[in-house]
Amino acid sequence: MRRREFITLVGGAAALPLAAQAQQPEHPTRIGLLPLGFPSNSYDQSLVEALRQGMRKVGLIENRNVTIDIVWVSKETDFPDAVRELVQRGAKLLVTAGSSASAAARQYTSTIPIIFVSVGNPVGIGLVQGLSRPGGNATGLTDVLGDLSSKYVDFALQLGKPQTPAYYLWYTEWPDRQRRLQATERATQSVGAKLQSRGIRDLDEANDVLASMKNDGARVILIQPSPFTYRHRNQIIDSAMNHGLGTIFSWSFASREGALIAYGPDFPYMYRRVGAYVEQILAGVKPADLPVEEPTKFELVINLHTARALGLAIPPTLLALANDVIE
């Protein structure tokens, strides 16, 4: 078997021996979890813990009611292998974070229940038939980031040079890439502006593309939200800063990691909500009958430390809207 670039954990540590499992008072349901990011990143780990908190809140106790088999994937092409291994190890329910993992799970199985989280366009990528009546074997929580394109464009235009386009960096190898790009193009056209976009296939291309955008007159770069840009957000932020560029991300915590501006939903709350879906599915409710949930709480975070390092002035009207300002 070829070596795969992902890390597996069961219940947060080693799997229980078979004899120990046999002594459990119940037969716990095995849940296969594909989170976003890296196990070494504290924020990425905090989302997994938020999911565990949501489980405990509805009375699902690890190693009694459920076991959680976690696979951290380091690149997009490993998702199909990761899904297959989780199922082969006995996962009866899959929890998938992001569009790439969710699409891989849906392509692999049409019978095992799938609960997705942080998927922007579940209808468009074929996970569900509709938000209110998903149909099929998948349901979960959408982050609606594609619907926020006009917000991100407004931020970019406020901070860019007058009469210059909005600059946009996107990853070319994920399911919802074209819809997100087209939504951003429409948002810029609606205010009479232009969009200059560049796609990258891997992280190595990002540095050269950012340098080119800087030479073209960019001050800030809109980063298309995707599992890839989430996973590599710190490298993208650092590379942009090295070229004198600010970044605008769709995850509010990214500003706390050095991005200039970040705006998005409350992701820890979304992960905690997964527990309620798990509880209902284990009680016999079909995913087809559980509506997809949309976020209602959003957060704008602005990093003034980054702005000062780049010599950028944040308009007072924009600062007044911020939920948090990093000094």
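Worth a mention:
- Among the residues of the range 75-96, those that are in contact (Cβ under 8 Å) with a residue 60 or more places away in the chain and either closer than 19 Å to PHE228 by Cα or touching a Gly at 6+ places or on another chain (Cβ under 6 Å) (or both) comprise LYS75, GLU76, ASP78, ASP81, ALA82, ALA91, LEU94, VAL95, THR96.
- The residue that is farthest from ARG219 (Cα to Cα), among those in the range 306-327 that are exposed (fewer than 13 other Cβ atoms within 10 Å of the Cβ) and of a type outside the set (Gly, Ala, Ser), is ASN323.
- Residues of the range 220-230 include none that is under 21 Å from THR184 (Cβ atoms), of a type in the set (Gly, Ala, Ser) and either assigned by TED's automatic domain parsing to the domain that holds SER100 or over 13 Å from the mean Cα position of the chain (by Cα) (or both).
- Of all residues in the range 128-154, those satisfying the criterion of being within 22 Å of TRP170 (Cα to Cα) and of a type outside the set (Asp, Glu) are THR142, VAL144, LEU145, GLY146, LEU148, SER149, SER150, LYS151, TYR152, VAL153.
- Filtering ALA259, ALA276 for residues that are under 30 Å from ILE115 (Cβ atoms) and within 18 Å of the chain's Cα centre (by Cα) leaves a single hit, ALA259.
- Among the residues of the range 107-129, none qualifies, meaning not one is in contact with a Phe, Trp or Tyr (Cβ under 6 Å, 6 or more places away or on another chain), small (Gly, Ala, Ser) and either touching a residue at least 24 places away in the same chain (Cβ under 8 Å) or assigned by TED's automatic domain parsing to the domain that holds PRO35 (or both).
- Hits in the range 230-249 (condition: closer than 22 Å to ALA322 by Cβ and not aliphatic (A, V, I, L, M)): TYR230, ARG233, ASN234, GLY246, THR247, PHE249
- Flag if ARG133 is surrounded by fewer than 18 Cβ atoms within 10 Å (Cβ to Cβ), outside the structural domain of SER118 (by TED's automatic domain parsing) and either basic (Lys, Arg) or out of contact with any helix residue (DSSP H, G or I) (no Cβ under 7 Å at 6 or more places or on another chain) (or both): no
- Flag for ALA183 being surrounded by 15 or more Cβ atoms within 10 Å (Cβ to Cβ), in the same structural domain as GLY246 (by TED's automatic domain parsing) and closer than 12 Å to PRO225 by Cβ: yes
- The strands (runs of 3 or more DSSP E) falling completely within the range 70-173 that include 2 or more residues that are farther than 23 Å from PRO268 by Cα map to 166-171.
- Hits in the range 47-74 - residues which are surrounded by fewer than 16 Cβ atoms within 10 Å (Cβ to Cβ) and within 22 Å of THR229 (Cβ to Cβ): SER74
- Verdict on ALA82 being over 25 Å from LEU203 (Cβ atoms) and surrounded by 14 or more Cβ atoms within 10 Å (Cβ to Cβ): no
- Taken over the range 262-292, the criterion of being surrounded by fewer than 17 Cβ atoms within 10 Å (Cβ to Cβ) and closer than 22 Å to GLY124 by Cβ is satisfied by ALA288, ASP289, PRO291.
The values are calculated or read from the model by the stated rules, or taken from the named source; none is laboratory data. Here the structure is a predicted model, which means the values were calculated and not measured. Ideal geometry is used to build each Cβ from the backbone, glycine not excepted, and the neighbour counts take in all protein chains shown.
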